[in-house]
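*Asks:* Below you'll find the structure I mean.
All of the numbers you see were taken from the coordinates with simple rules; none came from a lab. Remember, predicted model here, so these are calculated numbers, not experimental data. Don't worry about glycine lacking a Cβ; one is built from the backbone with ideal geometry, like all the others, and counts go over all protein chains shown.
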Amino acid sequence: MTSAEVRVLDLRLLPSALTCWAVTLFGIECGWRAALWLAAAAGVAAAVVAGFGRRAGAGARGTVSAGLLAVLLIGAGFAAAVAAREHAVAVHPLAAAAARGDHASVTLTPVDDPRPVRSPTGDTVLIRAALDSMEIGGAEVAAGGAVLLFAPADGWGELLPGQRVRLRAEVGVPLRRDLTVAVLRADAPPRAVARPPWPQRAAGQIRHRFAAASAAALPPEPAGLLPGLVVGDVSALPAGVRDDFTTAGLTHLTAVSGANVSILIGAVLLVLRAATLGPRTCVLVAALALAAFVIVARPSPSVLRAAVMGVVGLLAMVTGRRKQAMPALGAAVIVLLAWQPALAVNFGFALSVAATAALVLVAPSWALRLRARGWPRYLAEAVAVAAAAHVVTVPIVAAMSGTVSTVAIAANLAAAPVVAVVTVVGALAAVGAAVWPPLGELLAHAAAPPLWWLLWVARHAASVPGASVTVPAGLAGSVLTAAALLMLGVAVRVRRVRHLAAAVVLGLAAVWVPVRVVWPGWPVQGWVLVACDVGQGDALVLAAGDGAAVVVDAGPDPQLVDGCLDRLGVRRVTAVVLTHLHADHVVGLPGVLRGRWVGEVVIGPMREPAYRFRQVRDQAAAAGVPLRSTAAGSELRTGRLTMRVLGPTLPVPRDPAEGADRANDQSLVLAVDTAAGRILLTGDVEADGQRDLLRDRVPVVADILKLPHHGSRTTTPEFLRAVGARLVVVSVGAGNTFGHPNPGVLAEIERIGARVARTDRGGDIAVSRAGGGATAVSHRRRGTIVR
């Protein structure tokens, strides 16, 4: 076999795979009726092509007709299948309950580990599950379908996949179109929990022992990273490390994929061949090892794609046919979409497939061009692989996150030499921990140097000015970045265009770098208010003079608020004001107290939830900071600021249970006059509390409004009109599960004529005074400063 023959790619499955994907995506997004019409149209077209093929005979036209007929038939089959799935979702009894907002008693089986999410009500986990049955009219009725469950971490966080549970939950509509029947929200532990299957018990034990060995052997950051690199367990990965990896374009390292599968199968086959076992025995043992790995690593989209490709490769070994990547990738896409059609709208699956295709179709030719220009072979291949994977996946990342990493290629090149070492050593540590924990700890120690290097690369790449560029999320961002890449490709290939493009880029850089990155820097000069980007929560900083600040709420994560204050250079906090005691406002308090002088912690009259009050009290006492309460009608004089407490005006409920339910309306409402105008800080006060403020004729008029409750629909139009702000700041988490900010509330703000600044889109938001008394808004998003 010549080298030219080796390089020939078998692309015969590519049209069928793309067709399956396209029709499945169309059916999920457009509904079962549209999918059914598409299936009918494809069937008719197939009949026409079949007739043409019979007349065309066995020549080239006949071959083309046969290929087109196969594509149309598989497209018709997949369209009909997704139409059936969509129809089943549309008529599902749980979907009807979701439309009414009912409660239901259900039995379900988790298909993945519980994942922590930020929630105003406290520590919450998200669980993807398969519905087994539901109670209808007092009778238990079998009912399948995929559901999402949001539940308290207490009682739910330790569940394993395959562990059937019984619960009663509020039923809501799906968050997006992905064949999910409903979203369930539980506020109590499950009623009954079955014993998980033994494979999942074993997998859970391996993951637990591996994480424990990593924690015992390594500092917190590498200890959280190692299980993520080996088995995709990022539960202990610190938020700061997660953000650095995202900005640096290294997130894929913590998502188990083809590299892990290749190492596993390669290592197993190498050992078995050394033992002189036959090909069929080697394949069988490798397949068993692959199945065990999928169970331990959990069947995420990238793991499933890599696993199916591995199975195709093993079958090719058994049949004696030469393995090629593209047929394996095409077969993996077809098989997985037939098994789980929802993967068609899964970003992780799209990223995994696109990156693999880039490595097969694009990287080899780019490497050859670089070698033709005199590059060493290893360097040419490394650059080609990193560049191809990044370029092909950029439009998908832009659609998913609204950001594009400008340092990803360099960061991946720097990380590449140690990734395989960490994976191999980490896999041995996982096996060692499962057999004997001290052995796992010893092997985990050996992974420390390469882990340090990965963390160093991620941290420094993320700190580069302009490391991440913000683009529109969704389809618009995808089209924009794809068009930019296309134009760049044309510019590189055409000499005249290349020179012109270089001149344009240099000109833009000469303007963009000084204006957007170097000047004005962060924090902006003369800032009076900064809304920290702490995800789904509130953390606001007011300048109190002489470098000191007042912090109003601390967000849901100590590291996030700590990082925001560090970026502002705040070392003295004259007061921390906690508007109310929900988790997304108080859990970050240790991040404010750590390493800073803090004058006092101030809370409102409400002390529910009681356990949160005790938590705040104990944290303040441990830091030696006094705790005091305030109420409507009082003033807080701290530093150079005077904050008037306008609310709450509703009486504090006497019943603790009722108090916990009404905690939002007991939020402190504060007014403070600054150089940029009067600022109204509203916590999470909802409709009842807002109306009571207006009934009591409380002076809520302000120039700048911190929108209540992250833009929840509980904000009333009359309250917005009464405030009359020209700038509305929304502290909200990107991709949150609550639909915040509410589109209707945003529309009302637009009708009033106010500007909106959102932390989910702009990152940290700084408000300052511009010329003529106007209000200036600056954003800091992952190293980029925008005014």
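*Asks:* Near Val241, within a Cβ-to-Cβ distance under 12 Å, what is the net charge of the other residues, with Lys and Arg +1 and Asp and Glu -1?
*Replies:* Net of charged neighbours comes to -1.
*Asks:* Once you put a point 7 Å from the Cα of His208 and another 7 Å from the Cα of Arg191, both along the Cβ direction, what distance in nm separates them?
*Replies:* 2.7
*Asks:* Give, in nm to one decimal, the length gained when the segment between Trp453 and Gln525 is fully stretched (0.36 nm per residue of separation minus the Cα-Cα distance). Walk me through the numbers before you get to the answer.
*Replies:* On the way: separation 72, 0.36 × 72 = 25.92 nm, distance 3.55 nm.
Fully extending the segment from Trp453 to Gln525 adds 22.4 nm.
*Asks:* Starting with the highest mean, order 422-432, 614-624, 221-231 by the number of other Cβ atoms within 10 Å, averaged over the residues of each peptide. Spell out each step's value before the answer.
*Replies:* Numbers: 422-432: 21.4, 614-624: 14.6, 221-231: 25.2.
Most protected by this proxy first, the peptides run 221-231, 422-432, 614-624.
*Asks:* Okay, next question. How would Ser778, Ser133, Ser214, Ser629 line up from fewest to most surrounding beta-carbon atoms within 10 angstrom?
*Replies:* By the 10 Å Cβ count, ascending: Ser629, Ser133, Ser778, Ser214.
*Asks:* Still on this model: Summarise the long-distance tail of P(r) for the range 542-613 by giving the % of C-alpha pairs beyond 19 Å.
*Replies:* Cα-Cα pairs in the range 542-613 separated by more than 19 Å: 27 percent.
*Asks:* Between rounded, prolate and oblate, where does the range 329-423 land on the alpha carbon gyration tensor, with a ≥ b ≥ c its root eigenvalues, rounded for a/c under 1.5, else prolate if a/b exceeds b/c?
*Replies:* Prolate.
*Asks:* So for the chain: antiparallel DSSP bridges make up what percent, rounded to the nearest 5?
*Replies:* For the chain, the DSSP antiparallel bridge percentage is about 70.
*Asks:* Additional query: Given Cα pairs under 8 Å that are at least 6 residues apart, what percent is the relative contact order of the range 177-320?
*Replies:* Contact order relative to length: 22 percent.
*Asks:* Given R₀ = 25 Å, what would the calculated FRET efficiency be for Val419 paired with Val360, taking r from the Cβ atoms and rounding to 0.05?
*Replies:* That pair, Val419 with Val360, gives E of 0.85.
*Asks:* Want the number for Ala623 to Glu29: 0.36 nm per residue separation, take away the alpha-carbon distance, what's left?
*Replies:* Working it through step by step, the gained length comes to 208.6 nm.
*Asks:* Another one. Put one equal scatterer on each alpha carbon of the chain, apply the Debye formula with no solvent term, and list log10 I(q)/I(0) at q = 0.07, 0.10 1/Å to two decimals.
*Replies:* For the chain at q = 0.07, 0.10 Å⁻¹, log10 I(q)/I(0) is -0.60, -1.22.
*Asks:* Compute all pairwise cysteine Cβ distances in the chain, then list the cysteines with no distance under 4.7 Å to another cysteine.
*Replies:* Cys20, Cys30, Cys282
*Asks:* Over the chain, calculate the relative contact order: mean separation of alpha carbon pairs under 8 Å at least 6 apart, over the residue count, as a percent.
*Replies:* Relative contact order here is 9 percent.
*Asks:* Further question: If we count other beta carbons within 10 Å of each Cβ, what is the order of Leu175, Leu568, Leu670, fewest first? Mind showing how you got there, number by number?
*Replies:* Values: Leu175 14, Leu568 20, Leu670 25.
Ascending number of Cβ neighbours within 10 Å: Leu175, Leu568, Leu670.
*Asks:* A follow-up question, please. Considering only the other residues whose Cβ falls under 12 Å of the Cβ of Asp546, what net charge follows from Lys and Arg at +1 and Asp and Glu at -1?
*Replies:* Taking every other residue near Asp546 into account, the sum is +3.
*Asks:* Which value in deg cm²/dmol, rounded to the nearest 500, describes the helix-derived mean residue ellipticity at 222 nm for the chain, given -39,500 (n - 2.57) per DSSP H run of n ≥ 4 and division by the residue count?
*Replies:* Mean residue ellipticity at 222 nm (helix-derived): -17000 deg cm²/dmol.
*Asks:* Separate question: Count charges around Leu681 for me, please; just the other residues with Cβ under 13 Å from its Cβ, Lys/Arg as +1, Asp/Glu as -1.
*Replies:* -2
*Asks:* Among Cys282, Cys532, which comes first, then next, by fewest other beta-carbon atoms within 10 Å? Could you put the intermediate results ahead of the total?
*Replies:* Details: Cys282 21, Cys532 29.
Ascending Cβ contact count within 10 Å gives the list Cys282, Cys532.
*Asks:* Bin width 5 Å, origin at 0, all Cα-Cα pairs of the range 135-197: what percent of pairs per bin?
*Replies:* So the P(r) values, bin by bin, are 4, 15, 23, 26, 22, 9, 1.
*Asks:* Membrane-span-like helices in the chain: DSSP H runs reaching 30 Å or more (Cα, own axis), mean Kyte hydropathy at least -0.5?
*Replies:* Long hydrophobic helices here: 32-56, 60-90, 377-401, 408-435.
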